[in-house]
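Peer 1: Input: one structure, supplied below.
The values are calculated or read from the model by the stated rules, or taken from the named source; none is laboratory data. Everything numeric here is computed off the predicted structure, so don't read it as measured data. All Cβ positions, even for glycine, are placed from backbone atoms using ideal geometry, and neighbour counts span all protein chains on display. Surface accessibility is based on the protein's heavy atoms, side chains included, excluding ligands, DNA and RNA. Shrake-Rupley method; radii C 1.70, N 1.55, O 1.52, S 1.80 Å.
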Amino acid sequence: MSDHERQQPASRRGKVLEALARAEREVFTRPAPKSAKAQMKFLLTRTKDSAKDLAARLGTSRRTVERYRAGKLTKPQKRLQAALVEATESEWQPQVRAKAREQAATSSGMMVHVVAYFGFTASGSSDDGRERHVTTAISPTYAAQILQLQEDGATEEDLHPIVAEAITESYFTDWGTRCHGLVADFTHVQSIEFEF
């Protein structure tokens, strides 16, 4: 996950990026720290004990970070709590996440569950666009491209075409065995989930 992506609040990251982050959290073998004190201590180890750097990342003061670390403060405000949870989960078990990403990109691929409006273009005729509920496997090739784009700091708009192409290949064209030339694009994403 890029530094830019880590600093963006989850609500501004978009549905595809947030779904990828949730999929990574599902592979954790141990639960991430839950209390504000434990989260601060963990994040301080990741910033080499720099309260100043952590404060900048969380959008708070150095003194606030130190108070949570000492246990003087225990109940963060909603904005800080959300930032703590997001930062902790983005740093938690990097080797476990890396292994799951590597496996998805090289052998197993990913599953995607999406509810969105799909529109089509093709040589010849095609169905009119409509909202569809699609659950399908994404090949390791597309999984690798999606995960690489995420790692490179891609925006939601950058990811939509490749996710749509992956869904088209596996779901609509059945891995290229039918509907040659079909191109699907999705908009108005209601929900999306990935599984490693």
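Peer 1: Kindly list, by first and then second residue, each pair from a residue in the stretch 56-73 that is closer than 13 Å to Leu44 by Cα to a residue that is exposed (fewer than 15 other Cβ atoms within 10 Å of the Cβ), limited to pairs with Cβ atoms under 7 Å and residues at least 6 apart or on different chains.
Peer 2: So the pair list comes out as Arg62/Lys52.
Peer 1: Considering (1) closer than 30 Å to Ile162 by Cα; (2) of a type in the set (A, V, I, L, M); (3) at pLDDT 90 or above, say which one Leu73 fails and leave the rest.
Peer 2: Exception for Leu73: condition (1).
Peer 1: Yes or no: the stretch 120-132 includes at least one residue that is open to solvent by 30 Å² or more (accessible area, probe 1.4 Å), among the hydroxyl-bearing types (Ser, Thr, Tyr), in contact (Cβ under 8 Å) with a residue 60 or more places away in the chain and in a strand (DSSP E or B).
Peer 2: Within the stretch 120-132, one or more residues are open to solvent by 30 Å² or more (accessible area, probe 1.4 Å), among the hydroxyl-bearing types (Ser, Thr, Tyr), in contact (Cβ under 8 Å) with a residue 60 or more places away in the chain and in a strand (DSSP E or B).
Peer 1: Working carefully through the options Gln93, Gln103, Gln148, Gln77, find the one that is closer than 23 Å to Leu20 by Cβ and either free of Cβ contacts under 8 Å to residues at least 60 places away in the same chain or acidic (Asp, Glu) (or both).
Peer 2: Gln148
Peer 1: Could I ask something else about it? Hey, could you check the stretch 155-196 for residues that are β-branched (Val, Ile, Thr) and not in a strand (DSSP E or B) and say which is modelled with the lowest pLDDT?
Peer 2: This residue is Thr177.
Peer 1: Does the stretch 86-119 hold any residues that are open to solvent by 40 Å² or more (accessible area, probe 1.4 Å), closer than 18 Å to Lys15 by Cα and assigned to a helix (DSSP H, G or I), and which are they? Outline the logic, then answer.
Peer 2: We begin by selecting, within the stretch 86-119, every residue open to solvent by 40 Å² or more (accessible area, probe 1.4 Å); these are 89, 94-96, 98-99, 102-103, 106-108, 111, 113, 117.
With closer than 18 Å to Lys15 by Cα added as a condition, the list becomes 89, 111, 113, 117.
Correct list: Glu89 only.
Peer 1: Where residues in the stretch 125-145 are closer than 19 Å to Glu18 by Cα and of a type in the set (S, T, N, Q), which of them is nearest to the chain's Cα centre (by Cα)?
Peer 2: Gln145
Peer 1: Continuing with this model, one more query. Determine whether the stretch 162-182 contains at least one residue that is loosely packed, with under 15 Cβ neighbours inside 10 Å, under 24 Å from Arg101 (Cα atoms) and within 24 Å of the chain's Cα centre (by Cα).
Peer 2: no
Peer 1: Has the stretch 106-115 got at least one residue that is of a type outside the set (Lys, Arg) and more than 26 Å from Ala23 (Cβ to Cβ)?
Peer 2: There is no residue in the stretch 106-115 that is of a type outside the set (Lys, Arg) and more than 26 Å from Ala23 (Cβ to Cβ).
Peer 1: Only one residue in Ala87, Ala105 is closer than 30 Å to Thr141 by Cβ and among the hydrophobic types (A, V, I, L, M, F, W, C). Which one?
Peer 2: Result: Ala105 is the single residue among Ala87, Ala105 that is closer than 30 Å to Thr141 by Cβ and among the hydrophobic types (A, V, I, L, M, F, W, C).
Peer 1: For the stretch 15-41, enumerate the residues that are under 27 Å from Glu157 (Cβ atoms) and either touching a Leu at 6+ places or on another chain (Cβ under 8 Å) or among the acidic types (Asp, Glu) (or both).
Peer 2: Hits for the stretch 15-41 are Val16, Leu17, Glu18, Leu20, Glu24, Glu26.
Peer 1: Select, from Ala19, Ala51, the only residue that is open to solvent by less than 70 Å² (accessible area, probe 1.4 Å), more than 22 Å from Gln93 (Cβ to Cβ), out of contact with any Ser or Thr (no Cβ under 8 Å at 6 or more places or on another chain) and not acidic (Asp, Glu).
Peer 2: Ala51
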